[in-house]
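Asker: Let me give you the structure first, and then I'll get to my questions.
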Amino acid sequence: MVRADFPIFGEMINGQPLVYLDNAATTQKPNAVIDAIANYYRHDNANVHRGVHTLSDRATRHFEDARERVSSFLNSPSSRQIIWTRGTTEAINLVAYSWGVNNLKAGDRILVSWLEHHSDIVPWQLAAERVGAEVVPIPVTSNAEIDLNALDGLLDERVKLVAVNHVSNAIGTVNPVEEICAKARAVGALSLVDGAQAVGHWDVDVQALGCDFYCFSGHKLFAPTGVGVLWGREDLLEAMPPFLGGGEMIETVSFEGTSFNTLPFKFEAGTPNIAGAVGLGAAIDYLSLIDRSAAAAHESALLAATLEAASEIPGVHRIGAPKQSAGIFSFVMEGCHPSDVGMLLDEQGIAVRTGHHCTQPLMSHFELPGTVRASFSMYNTLDDVDKLIAGLKKAQSLFGPR
Ligand SMILES: *Cc1c(COP(=O)(O)O)cnc(C)c1O
């Protein structure tokens, strides 16, 4: 029972045992991760890649071991293609600035879907603005799936990059990223997949996906905040100039000119989040002991049970109906603002997210102020579902149609 590995479930929230259904915002951390971070600070803490002393060597080994684990987790051809970042947001910014600003020109297009998180929209807008390129949205269907016919209509030689998420954080849609990356490649465009929401549910194979860049955040993979990963095709990363300058990313520095370190260090200026990387490595180790397809099937069963029970509550409407969905239930309740539903659930110890989920274009597309989002992880139970449904019935009796 994985739940026992997560100490947070000992917490009482407003006098009730915690029902944590905000996993799409961040996941809880198992003891294995918490202990790895504490042990790193207790026994191995030093700066990496610099010292000749034993402790620095130990810290460096732990840090680089974590990179190797991420590399195999993503089935990367090489760990040189694993760049540490602060998270998905920084990873996308790195590509937008380093690749985008230096390769895009006026008239070029970047396609992003209506489903994107702000962090897969705004960096492209900032980069496009600098060079006179254009960010063009890929429409979604009423089911909240990327409209592949519309994508075909948009793909032409002006398109230089297609950026989509693997799983939508707002709706749960699992996007056919392999197909989308192939379509991009067919017109000579690159592809970037925002995997923030996918890694928490299954292991990712970047080679099978055929993407050019893949990004994720540790904290949505049972690891700490403040650490994340950019994976990129090696030839692209080699050709890209540094994003941030400083220590660690250089080979030699002089006032006549500076030369840069090799991959991956070229993109890792300054002292990195060493403990964060160690925690992320520990999370991947922990997951390697878990049957992830069984965990994903369990989450699907929780979603199915939720959808069925919620369909019987008058006035509760699911937003989108993707055929392939991660364990996310995004809905509105007639007569009750999402934040009121969220507050009422919180009184019962139930944590959900309410609002626009950093996807304002999607919310305006569906003409919604926001939704209530319950998102499941492997440690959730049918009891959590029952409590959510009871909470919604209570909200419905107070505010809903009758
Ligand atoms: C959480 C999330 C992000 C942003 O991740 P950060 O950890 O905040 O950088 C981007 N895209 C999706 C789909 C997400 O779920």
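The values are calculated or read from the model by the stated rules, or taken from the named source; none is laboratory data. As the structure is a computational prediction, the values presented were derived from the model and not from experiment. FYI the Cβ positions are ideal-geometry reconstructions off the backbone, even for glycines, and counts take in every protein chain you see. The accessibility values were calculated without ligands, DNA or RNA, using every heavy atom of the protein model including side chains. Shrake-Rupley method; radii C 1.70, N 1.55, O 1.52, S 1.80 Å.
Asker: Considering every residue within the range 198-213, establish whether at least one is in contact with a strand residue (DSSP E or B) (Cβ under 8 Å, 6 or more places away or on another chain) and open to solvent by 30 Å² or more (accessible area, probe 1.4 Å). Can you show your working first?
Answerer: As a first pass, look at the range 198-213 and keep what is in contact with a strand residue (DSSP E or B) (Cβ under 8 Å, 6 or more places away or on another chain): 198-199, 201, 204, 206, 209-213.
Add one more test, that the residue is open to solvent by 30 Å² or more (accessible area, probe 1.4 Å), and what stays is none.
No, the range 198-213 contains no residue that is in contact with a strand residue (DSSP E or B) (Cβ under 8 Å, 6 or more places away or on another chain) and open to solvent by 30 Å² or more (accessible area, probe 1.4 Å).
Asker: Turning to a different aspect of this structure: Which members of the range 121-179 meet the condition of being charged (D, E, K, R) and more than 16 Å from the ligand (Cβ to nearest atom)?
Answerer: Keep residues of the range 121-179 that are charged (D, E, K, R), which gives 129-130, 134, 145, 147, 152, 156-158, 160, 178-179.
Selection gives E129, R130, E134, D147, D152, D156, E157, R158, K160, E178, E179.
Asker: Exactly one of (1) over 22 Å from the mean Cα position of the chain (by Cα); (2) part of a strand (DSSP E or B) is unmet by L151. Its number?
Answerer: (2)
Asker: Based on what the data block shows, is V164 open to solvent by 10 Å² or more (accessible area, probe 1.4 Å), within 23 Å of Q360 (Cα to Cα) and not in a helix (DSSP H, G or I)? Lay out the reasoning, then the answer.
Answerer: Details: open to solvent by 10 Å² or more (accessible area, probe 1.4 Å): no; within 23 Å of Q360 (Cα to Cα): yes; not in a helix (DSSP H, G or I): yes.
No; evaluated as a whole, the condition is false for this residue.
Asker: Kindly list, by first and then second residue, each pair from a residue in the range 81-107 that is closer than 13 Å to R130 by Cβ to a residue that is of a type in the set (A, V, I, L, M, F, W, C) and within 16 Å of the ligand (Cβ to nearest atom), limited to pairs with Cβ atoms under 6 Å and residues at least 6 apart or on different chains.
Answerer: A96/W124; Y97/F243; S98/F243
Asker: When you scan the range 350-359, do you find a residue that is open to solvent by 40 Å² or more (accessible area, probe 1.4 Å) and touching a Gly at 6+ places or on another chain (Cβ under 7 Å), even just one? Let's see the steps before the verdict.
Answerer: Start the filter on the range 350-359 by keeping residues that are open to solvent by 40 Å² or more (accessible area, probe 1.4 Å), which leaves 353-354, 356, 358.
Filter once more, so that each one left must be touching a Gly at 6+ places or on another chain (Cβ under 7 Å): 354, 356.
Checked against the condition, which is being open to solvent by 40 Å² or more (accessible area, probe 1.4 Å) and touching a Gly at 6+ places or on another chain (Cβ under 7 Å), the range 350-359 yields at least one hit.
Asker: Related question: Taking the stated definitions as given, is A91 in a helix (DSSP H, G or I) and either at pLDDT below 95 or under 21 Å from P241 (Cβ atoms) (or both)? Full working, then the answer.
Answerer: Numbers: in a helix (DSSP H, G or I): yes; either at pLDDT below 95 or under 21 Å from P241 (Cβ atoms) (or both): yes.
Against the criterion (in a helix (DSSP H, G or I) and either at pLDDT below 95 or under 21 Å from P241 (Cβ atoms) (or both)), A91 qualifies.
Asker: A further question on this structure: Residues that are surrounded by 17 or more Cβ atoms within 10 Å (Cβ to Cβ), part of a helix (DSSP H, G or I) and in contact (Cβ under 8 Å) with a residue 12 or more places away in the chain: does the range 136-144 have at least one? Steps first, please.
Answerer: Kept after step one, since they are surrounded by 17 or more Cβ atoms within 10 Å (Cβ to Cβ), are these residues of the range 136-144: 137-138, 140, 144.
Subset that is part of a helix (DSSP H, G or I): none.
Looking through the range 136-144, none of the residues is surrounded by 17 or more Cβ atoms within 10 Å (Cβ to Cβ), part of a helix (DSSP H, G or I) and in contact (Cβ under 8 Å) with a residue 12 or more places away in the chain.
Asker: For the range 314-343, what are the residues that are open to solvent by 60 Å² or more (accessible area, probe 1.4 Å), more than 25 Å from Q28 (Cα to Cα) and in contact (Cβ under 8 Å) with a residue 24 or more places away in the chain?
Answerer: Within the range 314-343, P314, K323, E334, G335, H337 meet the criteria.
Asker: Another question about this same structure. Considering only the range 12-34, I want to know if a residue exists there that is within 16 Å of the ligand (Cβ to nearest atom), out of contact with any helix residue (DSSP H, G or I) (no Cβ under 9 Å at 6 or more places or on another chain) and either in a loop (DSSP other than H, G, I, E, B) or of a type outside the set (V, I, T) (or both).
Answerer: Checking the range 12-34: at least one residue is within 16 Å of the ligand (Cβ to nearest atom), out of contact with any helix residue (DSSP H, G or I) (no Cβ under 9 Å at 6 or more places or on another chain) and either in a loop (DSSP other than H, G, I, E, B) or of a type outside the set (V, I, T) (or both).
Asker: Residue pairs, Cβ under 6 Å, 6 or more apart or interchain, first in the range 1-23 and closer than 16 Å to L221 by Cα, second open to solvent by 30 Å² or more (accessible area, probe 1.4 Å) and assigned to a strand (DSSP E or B). List them.
Answerer: Pairs that qualify, where the first residue is closer than 16 Å to L221 by Cα and the partner is open to solvent by 30 Å² or more (accessible area, probe 1.4 Å) and assigned to a strand (DSSP E or B), are D22/R353.
Asker: Filter the range 48-81 down to the residues that are farther than 16 Å from L221 by Cα and of a type in the set (V, I, T), then identify the one that is most open to solvent (accessible area, probe 1.4 Å).
Answerer: V52
Asker: Considering each of A310, A294, A304 in turn, give the residue that is touching a residue at least 24 places away in the same chain (Cβ under 8 Å) and aliphatic (A, V, I, L, M).
Answerer: Working: A294 fails: touching a residue at least 24 places away in the same chain (Cβ under 8 Å); A304 fails: touching a residue at least 24 places away in the same chain (Cβ under 8 Å).
Just one listed residue meets the conditions, A310.
Asker: Oh, and also: Restricting attention to the range 85-120, report how many residues are of a type outside the set (A, V, I, L, M), away from the ligand (no atom under 15 Å from the Cβ) and either more than 20 Å from the chain's Cα centre (by Cα) or closer than 24 Å to P176 by Cβ (or both). Break it down into steps so the answer makes sense when it comes.
Answerer: Our first condition is that a residue be of a type outside the set (A, V, I, L, M); within the range 85-120, this holds for 85-90, 93, 97-100, 102-103, 105, 107-109, 113-114, 116-120.
Next, from what is left, pick out any that are away from the ligand (no atom under 15 Å from the Cβ): 97-100, 102-103, 105, 107-109.
Of the ones still in play, those that are also either more than 20 Å from the chain's Cα centre (by Cα) or closer than 24 Å to P176 by Cβ (or both) are 98-100, 102-103, 105, 107-109.
Qualifying residue count for the region: 9.
Asker: Which one of the conditions (1) without any contact (Cβ under 8 Å) to a residue 12 or more places away in the chain; (2) outside any helix (DSSP H, G or I); (3) closer than 22 Å to M240 by Cβ does V52 fail to meet, given that it meets all the rest?
Answerer: (3)
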